[in-house]
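J.: Okay, here's the structure, questions in a sec.
FYI, it's all coordinate maths here, none of it is from the lab. In this text, all values refer to a predicted model and were calculated from it rather than measured experimentally. Cβ: placed from backbone, ideal geometry, glycine included. Neighbour counts: every protein chain shown.
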Amino acid sequence: MSRNKNLLIMLIVIVMVFLYNLIFPSKNKGSFLDEVREKEIKSIVSKKYINYDNHNIAFVVYGNKDSIVVYRDWWDKIVVGDSIIKPKGSLEVIIKNSDKFEKFNYEDKFGLDNQ
């Protein structure tokens, strides 16, 4: 009887975990690069900030409220008012104004070949 009871408890736990994952799917299934690749940006940088509550991650805000993570070594090369362009499906970001033209590539930061 004890063995059947333990088996039943294990089965209930497995079913509960399965149902939980079905009802509340994880938001982390796609990678960071997949999220960046899906964005299309043609806008103006409206704000730069560092999210100290989230591991000091640097963000660039464009348009009214959209944002994208940038690497710290890109930070000083981007200023409010710059144009920001990123084609959908690409990991390359272009930052430009009348005095400069910068290309940044997320793949370079991860040491990946162009896919």
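J.: In the range 66-78, is there at least one residue being farther than 23 Å from Glu107 by Cα and among the small types (Gly, Ala, Ser)? Let's see the steps before the verdict.
T.: From the range 66-78, those farther than 23 Å from Glu107 by Cα are none; that's our starting set.
Scanning the range 66-78, I find no residue that is farther than 23 Å from Glu107 by Cα and among the small types (Gly, Ala, Ser), so the answer is no.
J.: Within the range 52-72, can one find any residue that is loosely packed, with under 12 Cβ neighbours inside 10 Å and hydrophobic (A, V, I, L, M, F, W, C)? Before the answer, list the steps.
T.: So the first thing to find is which residues in the range 52-72 are loosely packed, with under 12 Cβ neighbours inside 10 Å, and the list is 52-56, 64-65, 72.
Among the residues that remain, those that are also hydrophobic (A, V, I, L, M, F, W, C) are: none.
Checked against the condition, which is being loosely packed, with under 12 Cβ neighbours inside 10 Å and hydrophobic (A, V, I, L, M, F, W, C), the range 52-72 yields no hits at all.
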